[in-house]
Amino acid sequence: MRRLLLFVALVALTSLAWAEDDRADAVERMNKAAEVMTQIMAAPDKGIPEEILDGAKCVAIVPDMFKAGFVFGGKHGKGVATCRTRAGWSAPAFFTISGGSWGAQIGAQSIDLIMMIMNEQGMKNMLANKFEIGADASAAAGPVGRHASAGTDWTLETQILTYSRTKGLFAGVMLKGDVIRADDDSMRAMYNAKATHSAALTGKLTAPAAARKFLTTVAKAKNIAEAKNP
């Protein structure tokens, strides 16, 4: 009996430690995402256009996504997203992104990825527990600069506009075949066992205090750009 009690206690302590690690990871991810957004929007004439910031339904950021390859390639990252609600930007939802590629490639690098979800269908995909870019959701490399060109079709059919930053260079990037999944471990650690990806993004969950920096940065992204690039 004593051994059973010790085993149960050990399992409980281990589970608690894992939950604390998941929460710390989620908080660090939100803070890094805020830094990525601030740095990109502060770059003179190299940020996300104001029209896209104004029109985006959701913003999803993956800081330090890892890419590596030797003929076969792969990438994986952990991100955080927020969507517009009637009360403002929603509580953050956590997700992972992964994918592979084929071709002449070698080496490894870390990139910052930003996805701007531009219409209702794109938002529905973000609310799902899993979707594939290219198959379930259309995506295109987003335009860069103070203003989006009048000749682009970003306001029409494209669900997601994608951007990446590598070694200080910021540009639109094409994603295809990458799979986005809800990060259930981080959701449970930040909220509770019943918290869902869609509940956070539709405003049904209260944002934790740890999310303040991330949500404030997303809300003020346009102001950051205007202040740095008058």
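The values are calculated or read from the model by the stated rules, or taken from the named source; none is laboratory data. This is a predicted model, so every value here is computed, not measured. Glycine also receives a Cβ, built like all others from the backbone with ideal geometry; neighbour counts cover every protein chain displayed.
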Handout entry: Which numbered condition Gly151 fails, given (1) surrounded by fewer than 19 Cβ atoms within 10 Å (Cβ to Cβ); (2) modelled with pLDDT of 90 or more
Key = (2)
Exercise for the section: Keeping to region 182-203, report how many residues are closer than 26 Å to Asp54 by Cα and in contact (Cβ under 8 Å) with a residue 60 or more places away in the chain. Expected result: 7
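Here are some residues: Phe95, Phe66, Phe70. Which one is of a type in the set (Phe, Trp, Tyr), assigned to a strand (DSSP E or B) and modelled with pLDDT of 95 or more? Give the steps one after another, and end with the answer.
Working: Phe66 fails: modelled with pLDDT of 95 or more; Phe70 fails: modelled with pLDDT of 95 or more.
Step by step, each of Phe95, Phe66, Phe70 is checked, and only Phe95 is of a type in the set (Phe, Trp, Tyr), assigned to a strand (DSSP E or B) and modelled with pLDDT of 95 or more.
Go through region 162-181 and give me each residue that's part of a loop (DSSP other than H, G, I, E, B) and of a type in the set (A, V, I, L, M, F, W, C).
Val173, Met174, Leu175
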Practice task
Could you check Arg165 against (1) modelled with pLDDT under 90; (2) over 30 Å from Arg23 (Cβ atoms) and say which number it fails?
Solution key: (2)
Problem - Subset of region 50-63 [touching a helix residue (DSSP H, G or I) at 6+ places or on another chain (Cβ under 9 Å) and either surrounded by fewer than 23 Cβ atoms within 10 Å (Cβ to Cβ) or basic (Lys, Arg) (or both)] - result: Glu50, Leu53, Asp54, Lys57
Handout entry: Flag for Ala200 being part of a helix (DSSP H, G or I), modelled with pLDDT under 90 and surrounded by 16 or more Cβ atoms within 10 Å (Cβ to Cβ)
Key = no
Handout entry: region 155-169, residues that are within 16 Å of the chain's Cα centre (by Cα) and of a type outside the set (S, T, N, Q)
Key = Ile160, Leu161, Tyr163, Arg165
Exercise for the section: Just need a number here: residues in region 181-212 that are among the basic types (Lys, Arg) and within 18 Å of Ile97 (Cβ to Cβ). Expected result: 1
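Identify the residue in region 182-197 that is assigned to a loop (DSSP other than H, G, I, E, B) and over 14 Å from the mean Cα position of the chain (by Cα) and, among all such residues, is modelled with the lowest pLDDT. Spell out the reasoning first.
Filtering region 182-197 down to residues assigned to a loop (DSSP other than H, G, I, E, B) leaves 183, 191-196.
Keeping just the survivors that are over 14 Å from the mean Cα position of the chain (by Cα) gives 191-196.
Working: Tyr191: 95, Asn192: 88, Ala193: 82, Lys194: 88, Ala195: 91, Thr196: 94.
Filtering region 182-197 for residues that are assigned to a loop (DSSP other than H, G, I, E, B) and over 14 Å from the mean Cα position of the chain (by Cα), the one modelled with the lowest pLDDT comes out as Ala193.
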